[in-house]
Structures are given as C-alpha cells and as structure tokens.
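One structure below.
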Amino acid sequence: MRAYKIRTMGREFTKPKQDEIIKNKSIRAASKRRTATTVIIIFVLCALLLTGATWGTIMFIDSNSMRIVIEKSNVGEISISKTADFSSPATVLRMDGPEDMTNITYDDIYKDELFGKDGDHHGDDYIAYSFYLKNIGASDILYKDTMVFKYVSNDVERAVRIIIIEDEEVATCYAVMKSDGTPENIAYDTDDKDTQLPLPLGDTRLDGMLGTNVTVPFGQNAPEDSNMTVFDSPDKFLAAGEIKKYTVVIWLEGSDSDCVDAIIGAKVNFEYKFRVTEVDAIQP
C-alpha cells in the first residue's frame, strides 16, 4: 500500500503506510512486554533476596550453638582463645554443638573427658567446649561473665542443664526454676516423672567440684526484665597477664519432668559475654 499525502488547513503531512503502523504497534507491544518482564525480574530478585535473608537466619538459629564474645569497649583489655598459649587471640569465638541432641541424663556424660581439652570436645548428645580468658592489659581488673539465650524454641530451656567449670577447679550447674519456685536438681534417679528423687552424686572429679545435686536457677543477678539470662556473675578478679580456663557443658536432662515430646525439634542459641567492670582493681 502506497503512502499518500493529505492537505488540511494549508499544511501537508504524509499518512504512514499500513505496514509502518503495524510495525510501530509491534514496537510498542514489545516495549510493554520488556517493561513488564523487567518488573517481574526485579520482583523475583527482591523475593529471592528476602528469601535468602530468611533462609540464612533460619540456618543460623537452626544449630545448637554459642557465641563467646568480649564486650566491644573492652577490646585490648581482655582476650579469649581456644588454646592456653593464645597463639590465635580473638574477641569472638563460635562454638557449634551437635546438630541433633537427644535427651540424656547427667550420668551419660563422659565426665573424665571434660578435662585437659581445648575447643570442641562434644559428646554425641551434649555440648562441651573449653576456652581461655586472658587479661592482656597492664592493670589488674574486675570482670563479669554473662550467658543469655539468644534464641530458644518449644520451651526447651525448661529441660536444659548448663555446667560452667572454671580453671578445672570449680563447677556450677544452672537450670530453670521449678514451677513451685524451688531449684531443679541436676538429675533424678528415676524415669517416673511423678517421683522426682534426686540422683546421688558419684565420686568423679566433676561430682566433687559440683558438691551438690541442686542447680542454681537461671537469671541470678540478672535485670528483672531479662527472662532470657542464664546467669550474670558477680565481679571476679583477674590479675594483669593472668589466664583463666572455662569449660561449658550443656545437655537436655531426660529425667526432668519438663523433658517431654513437645521439645522434639527445638533449637537453642547462646551468647556468652565477658566485660570489664573495674580497672586498677584490688583483689578482694
């Protein structure tokens, strides 16, 4: 089809050929399709990014893990390390426990293997991790150590037991308070949840350090509004250049009346923090 001229009000313009009209329509349609495709791609990318962030968060908390950290303001005063020689000093240590922890009881822990070890030395169903704290400053200090739940699900904290061993000399076991307001025992000598008789301590080195089957309730010395605190210690003395060893042992106590099927699949995530409270301190 030929183009032909049209004259109107003294002006002349050329009417486009029919195939040119079709071509222009096709260009506009293709442009719209490209715009729509671009919008879809941007939407999908955003969705993937959001999904990736969520997935990363889930994977982070989907591990029975713990971060051991030095308060930021105290970097340069104290340090932590997996080994006593501090060949690789750090301000943050990451401990990853067993991915799946089945409930056990206190007597199932290989207690003699908790000593003389560094870093990870977990059992199949319990967490065991040892590290060192050092005063790298020139002055004696007072410090606190605090452990908190950063993530917990299915009320699993009600069956958790946490033992902190200091310098392989002193041990304390922490647990949630019973519903009647009394402290839990470390373990019980029967699977009958209605007859909770305390399990007598044995003659192992750890038993001697604990000295009692009674636990210290979670939240000792913690702020009243903090219901996720395991403990917040009183001030402790650390001389200039002194090194102290810590061992953390965590398990699900199967003899606890709160250790029920509802906690299956639960996960826990801890943070263990150290902070200096006084410099140029005098030993108590």
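Per-structure values
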read-out: Any strands (runs of 3 or more DSSP E) falling wholly within segment 174-279 and containing at least 3 residues that are modelled with pLDDT of 95 or more and buried (at least 18 other Cβ atoms within 10 Å of the Cβ); value: 243-252, 268-279
read-out: Matching entry among E157, E99, E113 (being within 26 Å of E271 (Cβ to Cβ) and part of a loop (DSSP other than H, G, I, E, B)); value: E99
read-out: Evaluation of G123 against (1) at pLDDT below 95; (2) in a strand (DSSP E or B); (3) within 19 Å of I165 (Cα to Cα) (one fails), failing number; value: (2)
read-out: Of all residues in segment 89-141 being farther than 26 Å from V75 by Cα and among the polar types (S, T, N, Q), the one that is surrounded by the fewest Cβ atoms within 10 Å (Cβ to Cβ); value: T102
read-out: All positions within segment 132-145 that are assigned to a strand (DSSP E or B) and touching a Ser or Thr at 6+ places or on another chain (Cβ under 7 Å); value: Y132, K134, L142, Y143, K144, D145
read-out: Members of segment 145-160 found to be among the charged types (D, E, K, R) and buried (at least 18 other Cβ atoms within 10 Å of the Cβ), listed by number; value: D145, E157, R158
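The values are calculated or read from the model by the stated rules, or taken from the named source; none is laboratory data. Keep in mind it's a predicted model, so treat the numbers as computed, not measured. Counting neighbours? That spans all protein chains shown, and the Cβs are built from the backbone with ideal geometry, glycine included.
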